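**Q** I'd like to ask you about the structure that follows.
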Amino acid sequence: MVYEVHVKGFTATHPAVPEPLRGTYAGLAHDAALAHLVALGVTTVELLPVHHNVPEAFLPARGLTNYWGYNTIGYFAPHAAYSAAVRAGQPGGQVAEFRAMVDALHAAGLEVVLDVVFNHTAEGDHLGPTLCFRGIDNAAYYRLDPADPPATSTPPGAATPSTPPTRSHCR
């Protein structure tokens with residue numbers, strides 16, 4: 001049986017997961033969390049987005065955050081906020097903690113599947129952020145608004161770059 005789980009949400013309120021591990025990869029690797037999954041008859045754990053992500057720009061201004069993590073900035077980087085090691089002051093500790101979680105899930109007889117949504121990236125609008133997911137040819141991936149100014153300003157007397165407009169809309 002496949003069980004879809006949000007690392008933070010699943011472990012945040014589990015009464016048998018120690019408080020410092022709640023909401024973390026280490027919390028999901030804890031014996032209590034593993035025993036719960038096995039007792040349910042789970043054979044495969046599908047992890048909702050665990051990739052490093054940022055909230056959309058309008059969310060913090062409203063006191064909100066992107067809880068689910070569908071605003072990826074790094075598909076090969078575990079989200080640092082889900083790490084007990086990072087919370088304890090170990091920058092980069094999420095990598096080893098994520099690996100240890102996967103090892104613990106496998107040791108419990110559980111397969112691990114990652115929920116990856118390639119069209120839910122942190123690509124912004126003309127206000128940013130702009131990342132590398134657009135590909136080499138921005139115009140091939142997006143409808144550009146010709147009314148927008150170029151992405152860069154040109155110093156007086158310099159050649160005008162052939163920069164596409166900055167505002168883009170997904171096709």
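**Q** Taking the solvent-accessible surface of protein heavy atoms with a 1.4 Å probe, what is the per residue accessible area of the stretch 1-64 in Å²?
**A** Roughly 48 Å² per residue, with all protein chains present.
**Q** Oh, and also: Ignoring ligands, DNA and RNA, please state the percent of accessible area on the stretch 29-128 from carbon and sulfur, probe 1.4 Å.
**A** 61 percent
**Q** Using R₀ = 35 Å, calculate the FRET efficiency as 1/(1 + (r/R₀)^6) where r is the Cβ-Cβ separation of Tyr67 and Ala147; round to 0.05.
**A** Working from the Cβ atoms, E equals 0.50.
**Q** Cβ under 15 Å from Trp68's Cβ, Trp68 left aside: what net charge do those residues give with Lys, Arg +1 and Asp, Glu -1?
**A** After counting each charged neighbour, the total is -3.
**Q** OK, next. Shape of the stretch 1-59 from its Cα gyration tensor (a ≥ b ≥ c, root eigenvalues): rounded if a/c is under 1.5, otherwise prolate when a/b > b/c, or oblate?
**A** The shape class here is oblate.
**Q** Can you list residues whose amide H is under 5 Å from Val45's amide H, if they're 5+ apart or on another chain and H is modeled 1.01 Å from N?
**A** Tyr3, Glu111, Val112, Val113
The values are calculated or read from the model by the stated rules, or taken from the named source; none is laboratory data. Since this is a predicted model, take the numbers as computed values, not measurements. Glycine gets a Cβ as well: all are built from the backbone with ideal geometry, and neighbour counts include every protein chain shown. In case anyone asks, the SASA skips ligands and DNA or RNA and just uses the protein heavy atoms, side chains included. Shrake-Rupley method; radii C 1.70, N 1.55, O 1.52, S 1.80 Å.
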